[in-house]
Amino acid sequence: MKHTVEVMISEADVSARIAKLGEEITARYQGSDEVVMIGLLRGSCVFLADLCRQCQLPVTLDFMTASSYGAGMHSSRDVRILKDLDDDIKGKDVVIVEDIIDTGYTLNKVREILSLRDPKSLAICTLLDKPSRREVQVPVDWIGFAIPDEFVVGCGIDYAQQYRNLPFIGKVVPQG
Ligand code: 5GP
């Protein structure tokens, strides 16, 4: 599809918001032995890298892959875990880090699976949220930005694997 990418949220605004999220997460987990930040691949890897460096805490990282959009622009209700965590989360403070919540099916499923593993606590931090698209409710602790129902890229989020390295959030605009 022919398209252009327009800036929706600038690099400066993204950085400032992530710094603030880092402060809030740091405050929440004061005294914790270990906060495990779980990145949902591949979209959250850039956000996770930025966010964990803004957290003044003992943090470890782990990753999970859930089935997502593939090469298209539509979400699927059939969420499958394609890669599980490497480490046990029992008794740990866990923060699931997501790039964007759309219908909520992905995070709902991941949260359900992880909560069965007896973490000490389980929270969710997402860079972006499209509240108007929600089909299943998920408790989200931190939201970077609530955005309208637009297809976005950048800061780890792709369109057919492109644009993950854009330092801003862009909107994909079809041409012709
Ligand atoms: P949900 O299960 O909440 O419908 O979908 C969440 C996943 O859909 C995100 O992790 C992301 O991979 C994908 N997604 C949702 N909205 C967008 C978007 O605007 N752009 C891209 N590239 N992916 C999106």
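Things to note:
- Of all aspartates and glutamates in the structure, those lying under 19 Å Cα to Cα from Lys2, and not within fewer than 8 positions of it along the same chain, are Glu150, Asp158.
- The coefficient of translational diffusion for the chain, derived via Stokes-Einstein from the alpha carbon Kirkwood radius under 4 °C and 1.567 mPa s, stands at 79 µm²/s.
- Carbon and sulfur %, accessible surface of the chain computed with the full protein complex present, 1.4 Å: 49 percent
- At a probe radius of 1.4 angstrom, the accessible area of the chain per residue rounds to 50 square angstrom.
- Relative to the Cα centre, the charge distribution of the chain, modelled as +1 at Lys and Arg Cβ and -1 at Asp and Glu Cβ, gives a dipole magnitude of about 320 debye.
- Rounded to the nearest 10 degrees, the inclination of helix 11-28 to the longest alpha-carbon principal axis of the chain is 20 degrees.
- Summarised in one figure, the compactness ratio Rg/Rh of segment 125-166, Cα atoms and Kirkwood Rh, is 1.00.
- Proximal lysines relative to Lys92, as straight alpha-carbon distance under 19 Å, when same-chain residues fewer than 8 apart are discounted: Lys120
- Candidates Thr106, Thr65, Thr126: whichever shows maximal mean-square fluctuation once the chain is modelled as a Gaussian network with Cα springs under 10 Å: Thr65
- Of the residues Arg28, Arg42, Arg117, ranked by 1.4 Å probe accessible area with the largest first, the sequence reads Arg42, Arg28, Arg117.
The values are calculated or read from the model by the stated rules, or taken from the named source; none is laboratory data. Nothing here was measured: the structure is a model prediction, and the numbers come from that model. Cβ sites come from the backbone with ideal geometry, for glycine too, and all protein chains shown count toward neighbours. Ligands, DNA and RNA are stripped out before the accessible areas are found, and what is left, the full protein with its side chains, is counted by its heavy atoms. Shrake-Rupley method; radii C 1.70, N 1.55, O 1.52, S 1.80 Å.
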